[in-house]
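Here's the structure, in structure tokens; my notes come after.
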Amino acid sequence: MDQFSAIRAFMRIVETGSLSKAAMSLEMPKSTVSKLLADLESYLGAKLLQRSTRSVALTVEGATYYEHVGQVMLSLQDADLSVRESSATPRGRVRIDVPSSLANTLVIPALTEFRALYPDIQLVIGISDRPVALIEEAVDCVLRVGHLPDTSLIAKTIYEDRLVTCASPAYLASRGLPVTPEELRQGHEIIGYFSALTGEARPLLFKNGNKIVEISDANLLSNDSTGQRSMILSGLGIGQQFRSTVISHLKTGALVSVLDDWTDYTAPISILYPSSKKLTLRVRVFIDWLTDRLRRSYNDDQI
């Protein structure tokens, strides 16, 4: 039995929650993963997992074993990386996922700088607003907007971004300038955003002192933040975007901010990566570069 491969398969099954997902992540046939687990259980003389057609669960013995081998594997990864990276040039594949609005306005325009610094790193960029399961989908890190639920991921906040309520000059010339959220609700076209995962619409948020107003009555909605911004730029109505994604349009006058006294919401822009695995040099340099690059953009544009 290849004990190292068997332990790795066991840990990946626990991390992903199924043999199929573990096999996909490890790029092995499911039958091979199943045999590795069976061989490991036979070698130890103990059942590590309770398996059903839909899920797997650790036994008491499995939980104890997972805790111990997890520490051993992390130590082994640390030892390997310290030797390999002591004189290494960052190279290889980095798989990331970025919301469309941040990808198109901040990340992609800056990639010439990263490519000049690290030409041997291959970047594979997923662009979407949907939640991503990092381990199951073999994603190294993700960039996310907003307050995050409790998670096993490590979240590194880059900066706090502010919501901006905005519209095109042409729209405001034809429909007028709202001065309160109630005027917006009653007399304007509202462009909203809804979750690609749940289908739930996100309300427009307004706050002035202790007074809080939420408006959910959108006339047009998109589950893609870039699409929502395109609707606003096209003069279809008024919507909310994070300032970092529209700052260039505000500077050129393509968009005009409205209801500034009522728009006082901020949310963190964060980069997330699994807490359960040691970062490779190529992933670490990308995270460090992206954090520094976005903070520089934040300071330069006074977002």
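The values are calculated or read from the model by the stated rules, or taken from the named source; none is laboratory data. Quantities reported herein were computed from a predicted structural model and do not represent experimental measurements. All Cβ positions, even for glycine, are placed from backbone atoms using ideal geometry, and neighbour counts span all protein chains on display.
When you scan the range 134-152, do you find a residue that is in contact with a helix residue (DSSP H, G or I) (Cβ under 7 Å, 6 or more places away or on another chain) and among the hydroxyl-bearing types (S, T, Y), even just one?
So far as the range 134-152 goes, no, none of its residues is in contact with a helix residue (DSSP H, G or I) (Cβ under 7 Å, 6 or more places away or on another chain) and among the hydroxyl-bearing types (S, T, Y).
Please go through the range 17-43 and give me each residue that is under 23 Å from V139 (Cα atoms) and small (G, A, S), ordered by number.
G17, S18, S20, A22, A23, S25
If you check every pair at least six apart or on different chains, which have Cβ atoms under 8 Å apart with a residue in the range 16-27 that is surrounded by fewer than 17 Cβ atoms within 10 Å (Cβ to Cβ) first and a residue that is in a helix (DSSP H, G or I) second?
From the range 16-27, the pairs are S20/K30.
Kindly evaluate K207 against the criterion of being in contact with an Asp or Glu (Cβ under 7 Å, 6 or more places away or on another chain) and touching a residue at least 12 places away in the same chain (Cβ under 8 Å).
yes
For a quick check of your reading: which strands (runs of 3 or more DSSP E) sit entirely within the range 185-282 and have at least 2 residues that are touching a Lys or Arg at 6+ places or on another chain (Cβ under 6 Å) and small (G, A, S)?
It comes to none.
This table checks each residue for (1) buried (at least 20 other Cβ atoms within 10 Å of the Cβ); (2) within 27 Å of M28 (Cα to Cα); (3) modelled with pLDDT under 95.
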residue	(1), (2), (3)
P99	yes, no, yes
I125	no, yes, yes
R130	no, yes, yes
I135	no, yes, yes
V145	no, no, yes
P149	no, no, yes
K156	no, no, yes
D161	yes, no, yes
P169	no, no, no
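What are the residue pairs meeting all of these: first residue in the range 38-58, first residue farther than 15 Å from V14 by Cβ, second residue not in a helix (DSSP H, G or I), Cβ atoms under 7 Å, and 6 or more apart or on different chains?
Going by the 7 Å Cβ cut-off, the qualifying pairs are D39/M1; Y43/M1.
Given (1) among the small types (G, A, S); (2) within 20 Å of H147 (Cα to Cα); (3) modelled with pLDDT of 90 or more, identify the lone condition not met by A201.
Looking at each condition in turn, A201 falls short on (3).
Of all residues in the range 49-73, which are among the small types (G, A, S) and over 16 Å from K21 (Cα atoms)?
G62, A63, G70
Have a look at Y298, Y265 and point out the one that is among the hydroxyl-bearing types (S, T, Y), over 17 Å from A103 (Cα atoms) and surrounded by 15 or more Cβ atoms within 10 Å (Cβ to Cβ).
The conditions single out Y265.
From L255, L221, which residue is modelled with pLDDT of 90 or more and within 20 Å of P169 (Cα to Cα)?
Answer to the selection: L255.
What's the total number of residues in the range 86-108 that are out of contact with any Ser or Thr (no Cβ under 9 Å at 6 or more places or on another chain), over 18 Å from S270 (Cβ atoms) and either in a helix (DSSP H, G or I) or among the hydroxyl-bearing types (S, T, Y) (or both)?
Residues in the range 86-108 being out of contact with any Ser or Thr (no Cβ under 9 Å at 6 or more places or on another chain), over 18 Å from S270 (Cβ atoms) and either in a helix (DSSP H, G or I) or among the hydroxyl-bearing types (S, T, Y) (or both): 4 in total.
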